[in-house]
């Protein structure tokens, strides 16, 4: 019978796979749904942060849709890297893959939050905070668990 720690490890890894797939889906949406109207409210909040008038020129909206598409493609590649690292961490049962994901998040989050705060894009701060809460606790647990060799011992004895 699997130990509770083994069961928790499997659940956290499934959670991280799901979040990586969600990043991939979000990246596709950003790249390919920008002209569909799905992001109109979001684009309006961006425009209001940078344009004094009620509406930005049409060229500015087109540029924002273009930037969203580029960011979506970047997010897709990030999601693939995350999927690969989760897979490697799951298979290797070592701390290093979890540490690399943590390092990437800690590189991204403070910069994203600072840049968003400077532009007064508070929705980005909320989204970043939620992402940190959803990602860091499971990653830290896995880093500690696999770093202590617990997963390898459970695999040998369970």
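The values are calculated or read from the model by the stated rules, or taken from the named source; none is laboratory data. Because the structure is a prediction, the values reported are computed rather than measured. Neighbour counts are summed over all protein chains in view; Cβ atoms, including those assigned to glycine, are modelled from backbone coordinates with ideal geometry.
Looking at region 1-27, which of its residues are farther than 19 Å from residue 92 by Cα and more than 14 Å from the chain's Cα centre (by Cα)? 1, 4, listed by residue number. Entry remark, region 84-95: residues being surrounded by fewer than 18 Cβ atoms within 10 Å (Cβ to Cβ) and either outside any helix (DSSP H, G or I) or within 11 Å of the chain's Cα centre (by Cα) (or both) number 1 in total. Taking the conditions exactly as written (under 21 Å from residue 132 (Cα atoms) and surrounded by 13 or more Cβ atoms within 10 Å (Cβ to Cβ)), does residue 106 satisfy them or not? Answer is no for this residue. Among residues of region 72-89 that are more than 21 Å from residue 29 (Cα to Cα), those with a beta-carbon under 9 Å from a residue that is not in a helix (DSSP H, G or I) at least six positions away or on a different chain give the pairs 88/94. Contact annotation: residue pairs with Cβ atoms under 8 Å, 6 or more positions apart or on different chains, pairing a residue in region 127-152 that is over 19 Å from residue 2 (Cα atoms) with a partner that is outside any helix (DSSP H, G or I), are 147/94. Condition first: under 18 Å from residue 70 (Cα atoms), at pLDDT 90 or above and part of a helix (DSSP H, G or I). Now tell me which residues in region 31-41 satisfy that. The answer is 31, 32, 36, 40. For residue 124, the conditions (1) buried (at least 16 other Cβ atoms within 10 Å of the Cβ); (2) over 19 Å from residue 17 (Cα atoms); (3) touching a residue at least 24 places away in the same chain (Cβ under 8 Å) all hold with the exception of (3).
Set side by side, the residues 49, 109, 56 differ, and just one is modelled with pLDDT under 95 and either touching a helix residue (DSSP H, G or I) at 6+ places or on another chain (Cβ under 7 Å) or not in a helix (DSSP H, G or I) (or both), which is 56. Which condition number does residue 67 fail, the rest of (1) surrounded by 17 or more Cβ atoms within 10 Å (Cβ to Cβ); (2) within 20 Å of the chain's Cα centre (by Cα) being met? For residue 67, the failing item is (1).
Matching residues to (1) surrounded by fewer than 14 Cβ atoms within 10 Å (Cβ to Cβ); (2) modelled with pLDDT under 95; (3) part of a loop (DSSP other than H, G, I, E, B):
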| residue | (1), (2), (3) |
| --- | --- |
| 97 | no, no, no |
| 100 | no, no, no |
| 114 | yes, no, no |
| 120 | yes, yes, yes |
| 131 | no, no, no |
| 135 | no, no, no |
